[in-house]
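The values are calculated or read from the model by the stated rules, or taken from the named source; none is laboratory data. Keep in mind the model is a prediction, meaning the values are calculated, not measured. Virtual Cβ from ideal backbone geometry, glycine too; neighbours counted across all protein chains shown. The accessibility values were calculated without ligands, DNA or RNA, using every heavy atom of the protein model including side chains. Shrake-Rupley method; radii C 1.70, N 1.55, O 1.52, S 1.80 Å.
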Amino acid sequence: MGKAGRPRNQTARREALVSAAGRAIAQRGLEGLRIKDIADAAGVSQGSVLYYYPELDDLVLEVHRGAVESYLASRQRAYDEAPTGDPGGRLRALLHSGLPRAADDAVHGLLYELHRRAGRSPGHAELMTSLFAREVALYTIALEVGAATGVFTLAASAQDLAHGLVAMEDGFGLHIVSHNAAMRWDKARELIIAHARAVTGYDDL
């Protein structure tokens, strides 16, 4: 019984450490992150953290992977929960799910902080690339369905437009979490929706 339960216990402990590390990164940032911060957040000893993750970089990579998957799942849910027979509604759901609501948005703040590792780590670069590609794929499907059903009149290929929409979200989102007072969530959303209307010929977004 004990041996059979051990893998599940180890998985749960690893997940708890990843969650704690995410909280610690959100509070302190990557540059000041210490094993002690993660141990304190998880309520365990520093030795326990090092037992499961001897290399801090490996734990940070798991935090990044978890943040990417959680964020993508939330966007996929937003798309899936919109009525299947309403291409405009599905695109609207995506447009409303891609921006941080405020500078202290925990999910986006964590993702932007972790993306900083991409220039120095192939693993982090791969996660950042994957996130972008999968967001583009979501938008591409939404745009292609709208065009195929005659709801949208696209100004360019669905994939090109999808690249532009995700890039706009990323750019505006960075300004929002960076406390740029000139770029609030409502203003950024207004600008992206205006662009989406222009490139789809569909005003009800």
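At-a-glance table
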item: Matching residues in region 99-133 - criterion: being farther than 21 Å from Ala21 by Cβ and crowded, with 19+ Cβ neighbours inside 10 Å; result: Leu99
item: Scope region 180-205; condition open to solvent by 20 Å² or more (accessible area, probe 1.4 Å) and hydroxyl-bearing (Ser, Thr, Tyr); matching residues; result: Tyr202
item: Top-ranked residue of region 180-202 - restricted to ones that are free of Cβ contacts under 8 Å to residues at least 24 places away in the same chain and part of a helix (DSSP H, G or I), ranked as nearest to Ala147 (Cα to Cα); result: Arg197
item: Ala137 being at pLDDT 95 or above and either more than 22 Å from Arg184 (Cα to Cα) or not in a loop (DSSP other than H, G, I, E, B) (or both); result: yes
item: Any hit, region 34-41, residues being more than 25 Å from His108 (Cβ to Cβ) and either within 14 Å of the chain's Cα centre (by Cα) or charged (D, E, K, R) (or both); result: yes
item: Qualifying residue in region 66-73 (condition: without any contact (Cβ under 8 Å) to a residue 12 or more places away in the chain and either part of a loop (DSSP other than H, G, I, E, B) or on the phi > 0 side of the Ramachandran plot (or both)); result: no
item: Near pairs, Cβ below 9 angstrom, 6+ apart or cross-chain, from region 36-50 (on the phi > 0 side of the Ramachandran plot) to any residue that is buried (at least 17 other Cβ atoms within 10 Å of the Cβ); result: Gly43/Ala20
item: Test: residue in region 109-125 that is farther than 19 Å from Ser70 by Cβ, touching a residue at least 24 places away in the same chain (Cβ under 8 Å) and not β-branched (Val, Ile, Thr); result: yes
item: Options Val151, Val177, Val136: the member that is buried (at least 16 other Cβ atoms within 10 Å of the Cβ) and free of Cβ contacts under 8 Å to residues at least 60 places away in the same chain; result: Val136
item: Tally of residues being of a type in the set (Ser, Thr, Tyr) and open to solvent by 60 Å² or more (accessible area, probe 1.4 Å) across region 154-174; result: 0
item: Leading residue by the ranking (modelled with the highest pLDDT) among those in region 24-54 that are acidic (Asp, Glu) and open to solvent by 70 Å² or more (accessible area, probe 1.4 Å); result: Asp40
item: Qualifying residue in region 82-98 (condition: open to solvent by 40 Å² or more (accessible area, probe 1.4 Å), at pLDDT 95 or above and among the charged types (D, E, K, R)); result: yes
item: Search result, residues across region 169-179 that are within 17 Å of the chain's Cα centre (by Cα) and more than 22 Å from Gly146 (Cβ to Cβ); result: Asp170, Gly171, Phe172, Gly173, Leu174, His175, Ile176, Val177, Ser178
item: Out of Leu127, Leu143, Leu114, sole residue that is in a helix (DSSP H, G or I), over 25 Å from Arg184 (Cβ atoms), hydrophobic (A, V, I, L, M, F, W, C) and out of contact with any Phe, Trp or Tyr (no Cβ under 9 Å at 6 or more places or on another chain); result: Leu127
